[in-house]
Amino acid sequence: MSKRAEILAERIEQGANALAEFVEGLSEEQWRTVVRPDGRRVGVVVHHVASVYPIELHLASQIASGQPVECVTWNDVAEMNAKHARDNADISRQEALALLRSNSHDAAEAVRSFTDDQLDHAEAFSLNAGAPLTAQFVIEDHALRHSWHHLAKIKAALQLQ
């Protein structure tokens, strides 16, 4: 197993655990707080983070296997996120946390299978203007960063109350 892959996997787990631990202690009112500026509730955001791990790892795996990521736009991401928010507006804490734990675990296990050569492989990545990005960058910028990014936004939203 690649030491870098193991470190990346551990960081994914750390971020998911930090998000889970924080939201476990929220009141029901806080769980339903709207996170600005995007307008999704805390629970929807947690479920969102959980539900996109498979997509994020698919994109990193595609890069690692020598296939560019083309035709995925930020508009596509916005549409996917809006649909997710509509479909999961009243997600329960138990369901969101179960998915977060399961999908983050699966994502970390998938990352552990990457070799150093796969992590170093770069291909065009349409979400970043077609720049040739490494699989490691895609993992770090998406699956790894995502939980930390939304945890900070949730904390900021709750401080505004």
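None of the figures in this text is laboratory data; all of them are computed from the coordinates on show. The structure displayed is predicted, hence computed values, not measured ones. Counting neighbours? That spans all protein chains shown, and the Cβs are built from the backbone with ideal geometry, glycine included.
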Distant-in-sequence amide H partners of residue 40 (H built 1.01 Å from N, under 5 Å): 35
Which values of log₁₀ I(q)/I(0), to two decimal places, follow from the Debye formula for the range 3-159 at q = 0.11, 0.16, 0.20 Å⁻¹ with a uniform point scatterer at every Cα? -0.43, -0.87, -1.22
Quick note on 1, 80, ordering by fewest other C-beta atoms within 10 Å, gives 1, 80
Calculated FRET efficiency for the pair residue 117/residue 18, C-beta based, R₀ 22 Å, to 0.05: 0.15
Inter-part distance where the range 38-88 and the range 93-161 are each reduced to a Cα centre, Å: 10
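Within the range 43-140, which GluC sites (Glu not before Pro) sit in a loop by DSSP and count at most 13 neighbouring Cβ atoms inside 10 Å?
70
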Rounded to the nearest 20 debye, dipole of the range 68-161 from Cβ charges on Lys, Arg, Asp, Glu: 620
What nm value, rounded to one decimal, do you get for the distance between residue 77 and residue 129 when each label is placed 7 Å out toward the C-beta? 1.5
Would you tally the net charge around residue 154, using a Cβ to Cβ cut-off of less than 14 Å, leaving residue 154 out, and scoring K and R as +1, D and E as -1? +3
